[in-house]
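One structure below.
Just so it is clear, none of the values below were taken in a lab; they were calculated from the coordinates. Here the structure is a predicted model, which is why all the values come from computation and not from measurement. Cβ: placed from backbone, ideal geometry, glycine included. Neighbour counts: every protein chain shown.
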Amino acid sequence: MRRLGLLALLAISALGAGAAWMDSQISRPYRGHRPEKVFVNIPHGSSRWQIAGILRDDDVIRNRLAFTFFAAWHFRKRLQAGEYLIDRPLNSREVFWKVARGQIFVHTVTVPEGWTMFDIASEFERQGVCSRGEFLAAARDTSLVWDLAPQAKSLEGFLFPSTYEFTRQTTCDAAVKRMVDSFRGVWNSLVPTDAPPPRGLTPAQVITLASLVERETPMASERPIVAGVFYNRLRLDHALQCDPTVQYAMALEGRPIKDVHPKDLRIDSPYNTYEHKGLPPGPIANPGEASLRAALSPATTEYLYFVANDEGGHFFSRTLAEHNRNVARLRRLLANDAAGADSASKKPVR
């Protein structure tokens, strides 16, 4: 009996020592690696023992065996493949749950409506997804949209604005394809495959028109009206006289401008809708769903002109005389705003 008691005591002591050892290996944060950040890649199909070995080799966990025991205890939780960023000391519990939850490292890139492919390329480079040059090269693979725009020179207009998550393994070609796939998902929801676009336009022309609408107004309520104005001018064979097309023509020449000046209106480019009637040869930006809807379902209106107001929207008019009055009205508003700002800046500080 004494021998059995001694054995039981030894077993209990061993279990206690083992539990204490496990806790010391699992609970204390570990930072065996010297670099500030470590990326750990876990391949698909890796076992828990193999994953523990990868983590130990990368100096992320303290002990391979202890991590494997802990992972086996939580056998219902599947450890997920992917690349993980370890940017601070973690204990093995934290590492386990990070991998079990699949908290892989991603680049989150938000592409606003109305950005050009040049804007997107710069953001991709800033986020470290790929270089600007690589993105622009990928954006010239028009085979992705040959059925919608057989004459397209680039994927401008088809890089759908949204928020995307890319891993470090995502190639630029794959990222661009994903954006085009997002566009197709929206386009197919708006245009049934057996229904042609409205008013005799091709899909490429509708998307081009949507890009003009996108760049002209940020107000959702105005977009169908702006689209209606453009349709009216196309019907009457009037030049569209759209400033954003001039800005895009300048960007294509490597001379981007923020504001359009009279001298810019003379640029020799097929995108210059002051010099050339009809739509430009392709989209000038990447429109969102609201602008695509507006181009597909424009407002029925008699307006032929619009000019910006000082509240983020536009004044619309039916005749050139009315339009000229609105232009003069805008100039007065801007002059009053400038005078008020100047007066406020001269007030004494009390």
Q.
Pick from Pro298, Pro161, Pro29 the residue whose mean-square fluctuation is largest in a GNM of the chain, springs joining Cα atoms under 10 Å.
A. Pro29
Q: Rounded to the nearest 0.05, what FRET efficiency do Ala174 and Phe75 give with R0 = 22 Å and r taken as the Cβ-Cβ distance? Could you check?
A: 0.05
Q) So which of Lys177/Lys263; Lys177/Lys277; Lys153/Lys258 end up more than 27 Å apart, counting from Cα to Cα? A) Lys177/Lys263; Lys177/Lys277
Q: Quick one: P(r) of the range 200-350 from all Cα-Cα pairs, 10 Å bins, percents rounded to integers, in order of increasing distance.
A: 11, 36, 34, 12, 5, 1, 0
**Q.** Listed residues Val206, Val260, Val106, most fluctuating in the chain (Gaussian network, C-alpha, under 10 Å)
**A.** Val260
Q) So which cysteines of the chain have no other cysteine's Cβ under 4.7 Å from theirs? A) Cys242
(Q) Given Cβ point charges of +1 (Lys, Arg) and -1 (Asp, Glu) and nothing else, what value in debye, to the nearest 20, does the dipole of the chain about its Cα centre take? (A) 1740
Q: Report, in deg cm²/dmol and to the nearest 500, the calculated mean residue ellipticity at 222 nm for the chain, where each DSSP H run with n ≥ 4 adds -39500 (n - 2.57) and the sum is divided by the residue count.
A: -15000 deg cm²/dmol
**Q.** Among Ser221, Ser269, Ser47, residue whose mean-square fluctuation peaks in a GNM of the chain (springs only between Cα atoms under 10 Å)
**A.** Ser47
Q: Report Rg(Cα)/(2.2 N^0.38 Å) for the chain, keeping two decimals.
A: 1.49
